[in-house]
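Reading through the structure tokens given below for one structure.
The values are calculated or read from the model by the stated rules, or taken from the named source; none is laboratory data. Everything numeric in this text was worked out from a predicted model, so none of it was measured. Glycine gets a Cβ as well: all are built from the backbone with ideal geometry, and neighbour counts include every protein chain shown.
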Amino acid sequence: MTTQKLVPEMLLGEARRYRQLKLKQVSHHAGLSQSYLSEIERGQKSPGMHVFLAICEGLNVSPLAIMECYLHEKDKPQDAQTHVGSYIDKYHRHEQFRQFNTTQKDVARNTVPVSVRSNTPHP
């Protein structure tokens, strides 16, 4: 990351590197060209919300993780570069917990088909 002013989309590149993904992989999953994604990551292009969300989906990263990191670290670009992984992990753990609780509640209410219930993880 350069010393220019931090913008949220620049954290997408840090998130990609944290996830150890190639530009080609993320651009393919997001439906973007590699050059366009590269420009976004460098802060040269500003994507619309649907593109931002597509990139986050391609990264398997919560958009909230990127935005929270930006809001807390925007005045300290080097800290944002270092801390983006902790925000990603925080939201990933939260999402796993939410999905597990939702599945358990659905099983308790018998709203999940039997075939799915047998695959539900047990605590």
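Among residues of segment 71-86 that are closer than 12 Å to Gly13 by Cα, those with a Cβ under 7 angstrom from a residue that is hydrophobic (A, V, I, L, M, F, W, C), sequence gap 6+ or separate chain, pair up as Ala80/Leu6; Ala80/Leu11; Ala80/Cys69; Gln81/Met1; Val84/Leu11; Val84/Ala15; Val84/Cys69. Test of understanding: among Tyr70, Tyr91, which residue is assigned to a helix (DSSP H, G or I), hydroxyl-bearing (Ser, Thr, Tyr) and modelled with pLDDT of 85 or more? Among Tyr70, Tyr91, only Tyr70 is assigned to a helix (DSSP H, G or I), hydroxyl-bearing (Ser, Thr, Tyr) and modelled with pLDDT of 85 or more.
Scanning segment 42-65 for residues that are charged (D, E, K, R) and within 14 Å of the chain's Cα centre (by Cα) returns a single hit, Glu57. Among the helices (runs of 4 or more DSSP H) lying completely within segment 1-67, list those that include at least 1 residues that are in contact with a Gly (Cβ under 7 Å, 6 or more places away or on another chain) and of a type in the set (A, V, I, L, M). In segment 1-67, 10-18, 23-30, 49-59 are the helices (runs of 4 or more DSSP H) which contain 1 or more residues that are in contact with a Gly (Cβ under 7 Å, 6 or more places away or on another chain) and of a type in the set (A, V, I, L, M). Considering segment 31-50, and only residues there that are closer than 15 Å to Met10 by Cβ and of a type in the set (A, V, I, L, M, F, W, C), the residue that is surrounded by the fewest Cβ atoms within 10 Å (Cβ to Cβ) turns out to be Ile40.
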